[in-house]
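Okay, structure first, notes after.
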Amino acid sequence: MHKYLEGLNANQLEAVQHIDGPIMIVAGAGSGKTKVLTTRIAHLMKNGVDAFNILALTFTNKAAAEMKERVEKALGNSEARNLYIGTFHSIFARLLRADATKLGYPANFTIYDTDDAKGVIKDIVKEMNLDDKHYKPAYIYNRISAAKNALIGPVEYRNDPHIQQEDTRGNAPRPLMADIYATYANRCMKNGAMDFDDLLYNMYILLTKFPDVLAKYQHRFHYILIDEYQDTNTAQYAIIKMLGARRENICVVGDDAQSIYSFRGATVQNILQFQDDYDDVKVVKLEQNYRSTTNILNVANNVIGNNQNQIPKELWTNNKEGDKIVLARTMTDNDEGRFVADAIKEQQMRNHYANKDFAILYRTNAQSRSFEESLRRMNIPYKLYGGVSFYTRKEVKDYLAYLRLIVNTRDEENLKRIINVPARGIGKTSLDRIIVTAHEQDKTLWELMEHGSGHAKIDQFVMMIKSFQTMLQTKNAYDVAFAVGKHTGFVQELYNDKTVEGLARYENVQELLNSIKEFTETPDEEGELLDKSLGSYLQQVSLQTDTENQNGDDIDVVKLMTIHSAKGLEFPCVFSVGLEETLFPSQMSLYDRAGLEEERRLFYVAITRAKERLWVTYANSRYRFGSLVQNEESRFIQEIPVSYIDRTFTGISNRPGSNTPTRGGTSFQNENFDKVPSLKKLADKLAATQQAKQQTPAYTPPANFEGDAPEKMEVGMKVQHPKFGFGTIQSLEGGANNRIAGIDFGAGHGVKKIMLNYAKIKIVG
């Protein structure tokens with residue numbers, strides 16, 4: 001056996017040694033999928049497959065770099081540098097550079113990030129004299145993004161009756177969405193720019209419209225490997241299908257139980273139906289987990305087992321049994337924050353964990369507040385993930401705008417951004433006049449300015465940019481960038497600002513220049529300096545993701561992040577917080593099986609991030625949408641067998657299966673408990689409520705249950721709820737878009753705060 005195959009278990013070895021034909025590797029959480037994927041690539045190369053003929057696609061640059069490094073280590077040579085390993089976006093951007101002109105784009109097209117794209121849309125909305133509070137750029141961008149990922153272009157969008165119905169119905173119709181989409185697509189092409197979604201959509205168009213290009217890449221890529229296949233969207237699926245159609249040597253690696261990105265177009269059906277797409281698919285399941293304790297895995301298996309739409313598998317491990325998970329119910333969300341901070345301190349003192357060993361995972365970013373406050377109060381250092389990325393800071397984007405304009409003068413958005421930065425006497429009125437003329441003459445802004453604008457300051461600006469362009473062929477990225485900072489006065493202006501904010505902006509620009517310097521001086525494999533041009537640097541920067549701009553993983557801080565951000569990570573100790581109905585699972589998913597199953601997969605991801613200890617917490621009440629809302633524990637908690645749970649409470653639990661309220665696993669039924677009247681009174685009340693619940697007959701909603709419009713609801717009305725049964729409206733509050741009703745459902749459920757815009761409530765009297 002080759003040395004690089006040592007240490008693989010039987011299933012991993014089976015997946016690695018399969019060479020020809022389609023294969024699906026179902027890799028459970030913590031089962032060593034990256035090791036299998038990289039070893040498989042090394043095995044292909046050991047068996048005579050040329051590195052240039054292997055394409056491996058990932059979702060993060062970090063994963064791609066790790067894969068290439070591992071392959072090189074396994075082989076003991078530098079052949080790995082010839083592999084096509086990268087993210088979908090980076091690989092497709094690289095391929096599009098070679099053939100972009102066939103689609104009408106320049107080879108040096110600009111790549112717009114989300115903010116750039118929203119800026120273009122904002123300009124279009126303004127030009128069309130539309131209300132940007134109704135036609136919100138963020139909403140429009142997301143709508144266009146979803147269309148592209150579903151391979152729906154501007155023409156298809158306009159001609160699809162279902163889409164048009166979606167845009168025109170309801171209280172906030174947007175009948176001009178199709179016009180905005182078409183204008184946006186034309187504007188991007190005119191600017192010689194593609195957004196992130198265009199890198200997928202245009203790759204699909206290129207392969208579809210130009211058979212010679214498709215044949216070229218089908219001939220080049222003999223073996224295709226896709227990591228995290230459950231996260232692929234329609235466009236990615238279609239491109240993979242076309243590229244692999246000639247040989248069908250396609251290897252997909254993924255876990256349907258971790259498919260949690262439907263909001264950005266991913267579809268779990270891609271992995272569930274992989275066996276239907278190809279004949280004689282080999283399926284290998286990696287079920288041995290190397291990450292978590294037995295108890296944590298048992299909880300994960302029991303929770304995900306409630307999903308109907310899945311590939312059956314059962315994670316197991318040779319790791320120790322470990323502690324039971326801790327289930328904590330608190331009275332308020334602030335109490336929840338205090339409990340978590342206290343638990344971290346306790347574990348640090350008792351088991352000597354470092355701060356970086358803890359992660360607090362929540363469903364929405366808004367939940368971070370109570371945890372931040374409690375951690376600060378106890379002087380526990382933490383880092384909040386999902387903040388402002390380095391590359392989205394204004395001064396950094398301004399500097400990069402100069403560099404992008406030099407490489408691609410068609411880029412109107414970046415031209416407008418920096419034509420008067422720093423101020424050089426080019427007013428908005430003068431610029432607007434030229435923009436209008438350019439649009440009337442169907443020319444780019446640069447084309448009009450280049451032939452003389454009649455404005456001395458603008459003409460000087462054009463000459464300056466042209467002088468920088470003369471450096472592109474002979475100077476590397478840093479030399480050009482340094483000259484831009486010096487001769488535009490941009491860096492000097494920041495240096496002259498001696499305020500705290502000004503100093504921070506100056507330091508950010510220096511850090512940007514440092515990164516460019518590092519890019520130009522860092523050798524590639526075998527010490528060779530390859531393409532260090534400005535264009536090459538800009539492509540690399542444009543494809544950085546927000547999560548990969550988050551540095552300092554080794555800093556000793558507690559990490560706070562959404563569960564979506566935590567996917568692919570692991571921590572010794574994990575707090576999965578906010579396990580309440582309408583929060584987790586979210587309100588929007590409660591009446592849809594597909595949505596509810598994705599929420600359950602999200603909880604499964606949270607559970608399987610934990611290596612040694614896991615806490616699950618929820619609050620009896622929390623403020624949401626400006627109102628104090630009473631919460632019911634998440635249905636996902638009910639799916640955890642009691643035998644795996646250790647209860648710790650800062651309130652009192654009335655969870656079914658718990659005969660006696662407990663605190664820290666110790667019975668409250670003792671003389672000390674009886675001496676605390678408030679706790680005893682609350683416990684008695686909750687016990688009575690629980691008894692009433694158990695005596696209340698199970699409620700089954702009628703078939704085809706439909707709710708009435710929220711505006712019809714009035715205090716005193718008798719209503720029916722699909723889960724809680726019959727009740728009486730006691731109060732109504734909030735506006736038209738967030739109307740909340742206080743409904744008394746009797747002894748079985750008590751008073752519930754219900755958001756009428758999301759729930760199904762039927763008036764019965």
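Excluding ligands, DNA and RNA, what is the solvent-accessible area per residue of region 588-642 at a probe of 1.4 Å, expressed in Å²? Walk me through the intermediate numbers first.
Details: 1950 Å² over 55 residues.
Dividing the accessible area of region 588-642 by its residue count gives 35 Å².
Distance check, please: which entries in LYS33/LYS73; LYS718/LYS760; LYS320/LYS559; LYS397/LYS517; LYS46/LYS68; LYS356/LYS567 exceed 21 angstrom between their Cα atoms? Where the Cα-Cα span goes over 21 Å, the pairs concerned are LYS320/LYS559. One chain, two ends: GLU127 and THR208. Fully extended at 0.36 nm per residue, the span grows by 25.8 nm beyond their Cα-Cα distance. The value of relative contact order for the chain, using C-alpha pairs under 8 Å at least six residues apart, is 14 percent.
Please work out the average accessible area per residue across region 98-143, using the 1.4 Å probe convention, and give it in Å². Don't skip to the answer; put the middle values down first.
Working: 2210 Å² over 46 residues.
Ligands and nucleic acids excluded, the result is 48 Å² per residue.
With all protein chains present, how much of the accessible area of region 286-428 (probe radius 1.4 Å) comes from carbon and sulfur, to the nearest whole percent?
Working: 2830 of 5910 Å².
Summing carbon and sulfur atoms, their accessible area is 48 percent of the total for region 286-428.
For LEU151, the residues whose amide H sits under 5 Å from its own are ALA235, ignoring neighbours fewer than 5 places away on the same chain, with H placed 1.01 Å from N. Inter-part distance, region 1-44 to region 114-160, computed on C-alpha centroids, equals 43 Å.
Quick check for you: with a 1.4 Å probe and neighbouring chains kept, what is the accessible area per residue of region 342-408, in Å²?
On the way: 2910 Å² over 67 residues.
Solvent-accessible surface per residue comes out at 43 Å².
Look at where the Cα atoms of region 458-498 and of region 362-433 average out, and the two centres are 20 Å apart.
Once R0 is set to 51 Å, what does the formula 1/(1 + (r/R0)^6) return for the Cβ-Cβ distance between VAL155 and HIS18, expressed as a FRET efficiency to the nearest 0.05? Intermediate values should be presented prior to the final figure.
Details: r = 42 Å, r/R0 = 0.83.
Taking R0 as 51 Å, the efficiency between VAL155 and HIS18 is 0.75.
Approximating the spin labels as points 7 Å out from Cα along Cα→Cβ, the LYS486-to-ASP592 distance works out to 5.7 nm. In this structure THR429 has an accessible area near 100 Å², from a 1.4 Å probe over the protein heavy atoms. Full extension of the chain between ARG376 and GLN164 yields a length gain of 71.4 nm, computed as 0.36 nm times the residue separation minus the alpha carbon distance.
If you add up the charges near LYS517, with Lys and Arg at +1 and Asp and Glu at -1, over every other residue whose beta carbon is less than 11 angstrom from its beta carbon, what do you get? Working shown, then result.
Values: positive: LYS532; negative: ASP479, GLU511, GLU518, GLU521.
With Lys, Arg at +1 and Asp, Glu at -1, the neighbours total -3.
Computing FRET efficiency as 1/(1 + (r/R0)^6) for VAL764 and ARG81, where r is the C-beta to C-beta distance and R0 is 60 Å, gives about 0.30.
Which percent of the accessible heavy-atom area of region 219-285 goes to carbon and sulfur, probe 1.4 angstrom? Walk me through the numbers on the way to the answer.
On the way: 930 of 2410 Å².
Result for region 219-285: 39 percent of the exposed heavy-atom area is carbon or sulfur.
All other residues whose Cβ lies under 15 angstrom from that of LYS3 are scored, Lys and Arg at +1 and Asp and Glu at -1, for a net of +2.
Computed over protein heavy atoms with a 1.4 Å probe, the carbon and sulfur contribution to the accessible area of region 452-495 reaches 53%. Calculated [222 nm] ellipticity per residue, helices only, for the chain: -13000 deg cm²/dmol; basis is -39500 (n - 2.57) per DSSP H run with n ≥ 4, divided by all residues, nearest 500. Electrostatic bookkeeping for GLU166 treats Lys and Arg as +1 and Asp and Glu as -1; over the other residues with beta carbon under 15 Å from its beta carbon, the sum is +1.
The values are calculated or read from the model by the stated rules, or taken from the named source; none is laboratory data. Just so it is clear, the model here is predicted, and its values are computed rather than measured. Positions of Cβ are generated from backbone atoms using ideal geometry, with glycine treated the same way; all protein chains shown enter the neighbour counts. Quick note on the areas: whole protein, heavy atoms, side chains included, nothing else; ligands and nucleic acids left out. Shrake-Rupley method; radii C 1.70, N 1.55, O 1.52, S 1.80 Å.
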